[in-house]
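What follows is a single structure, written as C-alpha cells, with notes after it.
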Amino acid sequence: MGGQYMKGLIAVLLFIFVFSTVSFSQLKEKDNLLGGSVGFWAKGEVPMFGINFESQLTQAGIGTVSLGGIFRYYSYSFVYTNGDSRKYSFTSIGLQSNYNFNQIGDGKFVPFVGLVLGYNYVNSTYTDFTKRGVYITDVSYKSGAWLWAQLGMRYFFSPTVAGSVRLGLGNNDFNTIELGVDFKL
C-alpha cells in the first residue's frame, strides 16, 4: 500500500513540475470562461453548486474587464427536537462583472475582483410532525435582489483549464468560499 502511495505522489509531483515550467497565454480580450464551482456558505454544512460564465470585453490597463452570468443553488434542512422540520432552498441568478489582473508574471496566476447583481429566490417549507401539516412560510430569509462583491484567483494549469478560488460577500447574509474549474472557450 505504501509503495503505491509513493508512486502516485511522485507522479503528481512530476505532473505539477512539468506544467509549472510551461508558459501559457494570459486572459485577453474576447476570451470566454465557463465553469462550475462548489462552495460553502458560512452558515451551512452542505455544499452550494454554481455555474459561472465570463466574457473578457476589453483590455483596461493591467487587466481585462469582463461581463457574464452566474447561477447558484443551495439547499439544507434541519429537524427540531419535537420532530418538526424546516427546509430551505436558495436559487440565485445574476450578472457579474470582474476585473481580471491578467498581466502578472507569465499569466498562469490571474487574480480578480468584481460585483454580482442578481435575484435570490428562497423557498422555505415547515413540516409539523405532530399535525402532519406542511406550511410554506419563511421565517429567516426572503427572496429579493442580491448584491455580491467577490474576489478570487484563477491558476491556469493549461492554456484552456484553470482552477479557481472565489470569496463572496453579499447582502441576504450570504458569504461564501468556492472552489471551481474554468474552461477557456
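The values are calculated or read from the model by the stated rules, or taken from the named source; none is laboratory data. All values derive from a computational prediction rather than experimental measurement. With ideal geometry, Cβ positions are generated from the backbone for all residues, glycine too; neighbour counts draw on all protein chains shown.
Below, the figures for the structure above:
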{"quantity": "Residue under evaluation Val46, criteria (1) out of contact with any strand residue (DSSP E or B) (no Cβ under 7 Å at 6 or more places or on another chain); (2) surrounded by 10 or more Cβ atoms within 10 Å (Cβ to Cβ); (3) at pLDDT 70 or above; (4) not polar (S, T, N, Q), criterion not met", "calculated": "(1)"}
{"quantity": "From the options Asn82, Asn120, Asn102, residue that is surrounded by 15 or more Cβ atoms within 10 Å (Cβ to Cβ), assigned to a loop (DSSP other than H, G, I, E, B) and either in contact (Cβ under 8 Å) with a residue 40 or more places away in the chain or in contact with a helix residue (DSSP H, G or I) (Cβ under 7 Å, 6 or more places away or on another chain) (or both)", "calculated": "Asn102"}
{"quantity": "Meets criteria (within 25 Å of Lys184 (Cβ to Cβ) and either surrounded by fewer than 15 Cβ atoms within 10 Å (Cβ to Cβ) or among the β-branched types (Val, Ile, Thr) (or both)) for Ser66", "calculated": "no"}
{"quantity": "Where Val46 falls short, out of the listed (1) without any contact (Cβ under 8 Å) to a residue 60 or more places away in the chain; (2) in a strand (DSSP E or B); (3) under 24 Å from Ala145 (Cα atoms); (4) hydrophobic (A, V, I, L, M, F, W, C)", "calculated": "(2)"}
{"quantity": "Residue identified as modelled with pLDDT of 90 or more, over 16 Å from the mean Cα position of the chain (by Cα), of a type in the set (Gly, Ala, Ser) and farther than 18 Å from Gly105 by Cβ among Ser55, Ser37", "calculated": "Ser55"}
{"quantity": "Ser158 of a type outside the set (D, E, K, R), modelled with pLDDT under 80 and surrounded by fewer than 19 Cβ atoms within 10 Å (Cβ to Cβ)", "calculated": "no"}
